[in-house]
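> Starting off with a structure, shown below.
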Amino acid sequence: MPNKQLGIFLNSTPGFWALCAGLLVVVFTGRLLMKKPIGKEYLGQGTVILVLMLVSAVFLALTIWFPVRGEVSAAVVPRLWIVGIYSCLIYLVVKILRKTEDPDEVAGDLILPFKFIFATIGYIVLMVLIGYFLASLFFIAVTMTLLHYKRRFVILAISGGWMVFSYLIFYRVLYVPLPQGLLITAFFG
């Protein structure tokens, strides 16, 4: 199947569900295959790493269809992020294989993933309303707090630092059009 036809198929509802089903099959098969080499005590971390690798691979594949205008393609920044993600994941895999990583917790906060899901939904809504920069500031602060990080100055410094960094690098230097937000556009238009 040529790239264009594959892109059209993946952009359809059946293509989305086929991709989801394929990812689930790979995750469950991967869990079965990695149980023996890494041990039961690392199975949770191994599964998370596998899912992140698969999702990153899907996003990398999607960059094939990004438009190319000018000398630098729109796919450059996502591909750089994906290389960084894979570097971190490979580092974690090596630590797990060497058994130098802490094993999985026996039982954790089972409600925490749902808190992150709701925080992410709130982030998307806020991004539409107040724009990328302020929404990112709030999202980073809230998620660091959800992870029980206590030092407020560090939370504010990291959140504010990301806002300034993304504004300078992505908006000013790379001219990436980031959402301005409906309320910000209405008041400062």
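The values are calculated or read from the model by the stated rules, or taken from the named source; none is laboratory data. Since the model is a prediction, treat every value here as computed from it, not as a measurement. Ideal geometry is used to build each Cβ from the backbone, glycine not excepted, and the neighbour counts take in all protein chains shown.
> Hey, does region 138-156 have a residue that's outside any helix (DSSP H, G or I), touching a Lys or Arg at 6+ places or on another chain (Cβ under 6 Å) and closer than 22 Å to Gln45 by Cα?
Scanning region 138-156 turns up no residue that is outside any helix (DSSP H, G or I), touching a Lys or Arg at 6+ places or on another chain (Cβ under 6 Å) and closer than 22 Å to Gln45 by Cα.
> Sort out which residues of region 139-158 are within 19 Å of Gly122 (Cβ to Cβ) and of a type in the set (Phe, Trp, Tyr), and write them in order of number.
Phe139, Tyr149
> Sticking with this structure for a sec: May I ask you to verify whether Leu147 is aliphatic (A, V, I, L, M), more than 20 Å from the chain's Cα centre (by Cα) and under 30 Å from Lys35 (Cα atoms)?
For Leu147, the condition - aliphatic (A, V, I, L, M), more than 20 Å from the chain's Cα centre (by Cα) and under 30 Å from Lys35 (Cα atoms) - is not met.
> The conditions are (1) assigned by TED's automatic domain parsing to the domain that holds Gly7; (2) surrounded by 15 or more Cβ atoms within 10 Å (Cβ to Cβ); (3) touching a residue at least 40 places away in the same chain (Cβ under 8 Å), and Phe133 fails exactly one of them. Which is it?
Result: Phe133 passes all but (1).
> Being among the aromatic types (Phe, Trp, Tyr) and surrounded by 12 or more Cβ atoms within 10 Å (Cβ to Cβ) is the filter here, so list the residues in region 145-175 that pass it.
Within region 145-175, Tyr149, Trp162, Tyr167, Phe170, Tyr171 meet the criteria.
> Take the residues in region 104-118 that are more than 23 Å from Phe139 (Cβ to Cβ) and surrounded by fewer than 11 Cβ atoms within 10 Å (Cβ to Cβ); name whichever of them is modelled with the lowest pLDDT.
It comes out as Ala107.
> A further question on this structure: List the helices (runs of 4 or more DSSP H) that sit entirely inside region 9-103 and contain at least 3 residues that are at pLDDT 90 or above, within 21 Å of the chain's Cα centre (by Cα) and small (Gly, Ala, Ser).
Filter on region 9-103 gives an empty set.
> On the basis of being polar (S, T, N, Q), under 30 Å from Val176 (Cβ atoms) and either out of contact with any Lys or Arg (no Cβ under 6 Å at 6 or more places or on another chain) or part of a helix (DSSP H, G or I) (or both), does Gln5 make the cut?
Here the answer is yes, as Gln5 does meet what is asked.
> Which pairs do you get when a residue that is assigned to a helix (DSSP H, G or I), found in region 170-189, comes within reach of a residue that is loosely packed, with under 13 Cβ neighbours inside 10 Å, reach meaning Cβ atoms under 9 angstrom, with the pair 6+ apart or on two chains?
Tyr171/Pro177
> Quick one: would you say Ala141 is more than 30 Å from Ala61 (Cβ to Cβ), in contact with a Ser or Thr (Cβ under 6 Å, 6 or more places away or on another chain) and not assigned by TED's automatic domain parsing to the domain that holds Lys40?
Against the criterion (more than 30 Å from Ala61 (Cβ to Cβ), in contact with a Ser or Thr (Cβ under 6 Å, 6 or more places away or on another chain) and not assigned by TED's automatic domain parsing to the domain that holds Lys40), Ala141 qualifies.
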